[in-house]
Amino acid sequence: MTGTSPPPEPAASLHIEPFSIRVDDEVLSDLRARIRRTRWPVPAPAAPWEQGTDLPYLRELLAYWADEFDWRAQEQKLNALDHFRAEIDGVGIHFIHQRAADGQGIPLILTHGWPSSFLEFLPVMPLLTDPAANGVDGPAFDVVIPSLPGYAFSQRPAHTGVTTRYVAGLWHRLMGGLGYQRYGAHGTDFGAGVATFMAMDEPGPMLGLHLSNLEFRPYIGPESRPLSEAEQAYVAQVQRWDDVERGYSAIQSTKPQTVAYGLNDSPAALAAWMLEKWRSWSDCGGDLEGRFSRDFLLTVVTLYWVTQTAATSVRDYFDNRWSLADLARHDYVDLPTGVAVFDHHLVSEGSPPREWAERLYAIRRWTPMPRGGHFAAAEEPELLARDIAAFFAEL
């Protein structure tokens, strides 16, 4: 693989410091107290989950969160990884940097979306950094997992316009600052948008692009080729899904500050708002804890709580709606692209026709997956790792 390189030395132009996670005891005590003081609404006059997060489920989950969930144990596990913070264009960015076990990894940056975090990629990380020890046939990778601006321990600039295109520029500077001259990118959700713009705007240092869902609608306006029957059906399905499931996006892309007050003040509101999406968007068949452990889910939500980043994370919807132009006729990613097609149960992002993706990407690998949903790295890490490894091995 031409992109393989020895462990790099950080470039002098990028100030990087080791980072460890340590949440104050007072923050955790306050969290538990707030959970116990929750003022519960009346039950919904509908079947469980039909009108939103199920009340009995949430009450049971929050009782566990307050009385049994061990954040310190999770914190200890997270601190066993190599965390860093870097200042890029004045923005403090948190990231994990785990090098390949054999010392000859292909540099690869993985970017998450909402309502997720760097935690989503932790199950897939050892499969990429040490594939031989984990039964994966393919090259090893130096893995970089940053937190998007305004998520976890990354700062969000105090201005609008923090779009996926803006973040793509930060990520190029991060990878260059780590000493990598050539590298690949993988993304999901907003991270798929970031990775796409990395490949579209500055393809020179990139080896290839890999995605686990499609973030962008390609240009289908005047002078584009007519939609195929499969594409027409897909567009109609997306619209039907949007009509009944897009409410969260409507409020977050218009009045994010309004919803932020509840998410930042109430653990119950935060858990209800986010875990409903983890249930709806994952391939869990309605059984959220059949797919993810309770401790994993609460680690995700607690990370948002202790960093107070629910408010800043939802601004991604506002900025990307109002500060990011629609793709134009000539916008195209002329870089080898692989897509692992998850999200089967999701009409909005699941099972798009290959020809739909080929309007925007130079598709080199297209892999319909037998199972797995929106959070592919956490749901089916082995399927995803094998596809990433096979894609970059083929280049």
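The values are calculated or read from the model by the stated rules, or taken from the named source; none is laboratory data. The structure displayed is predicted, hence computed values, not measured ones. Neighbour counts run over all protein chains shown; Cβ positions are idealised from the backbone, glycine included. Accessible surface is based on the protein model in full, side chains and every heavy atom, while ligands, DNA and RNA are left aside. Shrake-Rupley method; radii C 1.70, N 1.55, O 1.52, S 1.80 Å.
In segment 20-113, which strands (runs of 3 or more DSSP E) lie fully inside it and hold 1 or more residues that are in contact with a helix residue (DSSP H, G or I) (Cβ under 6 Å, 6 or more places away or on another chain), touching a residue at least 60 places away in the same chain (Cβ under 8 Å) and not basic (K, R)?
Counting at least 1 such residues, we get 83-88, 106-111.
Okay, residues lined up against (1) surrounded by fewer than 18 Cβ atoms within 10 Å (Cβ to Cβ); (2) of a type in the set (F, W, Y); (3) over 28 Å from P131 (Cα atoms):
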position	(1), (2), (3)
A73	yes, no, no
E87	yes, no, yes
F95	no, yes, no
A101	yes, no, no
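Would you mind telling me which numbered condition in (1) open to solvent by less than 10 Å² (accessible area, probe 1.4 Å); (2) under 29 Å from P126 (Cα atoms); (3) of a type outside the set (A, V, I, L, M); (4) at pLDDT 95 or above D319 fails?
(2)
What are the pairs, 6+ residues apart or on separate chains, where a residue within segment 120-133 that is polar (S, T, N, Q) has its Cβ under 9 Å from a residue that is open to solvent by 10 Å² or more (accessible area, probe 1.4 Å) and not in a loop (DSSP other than H, G, I, E, B)?
That search, which allows pairs on different chains as well, returns T129/Q98.
Hey, could you check segment 326-364 for residues that are of a type in the set (G, A, S) and at pLDDT 95 or above and say which is surrounded by the most Cβ atoms within 10 Å (Cβ to Cβ)?
Result: A340.
Would you mind stating whether A340 is free of Cβ contacts under 8 Å to residues at least 40 places away in the same chain and either assigned to a loop (DSSP other than H, G, I, E, B) or farther than 20 Å from L148 by Cβ (or both)?
Spelling it out, it is not the case that A340 is free of Cβ contacts under 8 Å to residues at least 40 places away in the same chain and either assigned to a loop (DSSP other than H, G, I, E, B) or farther than 20 Å from L148 by Cβ (or both).
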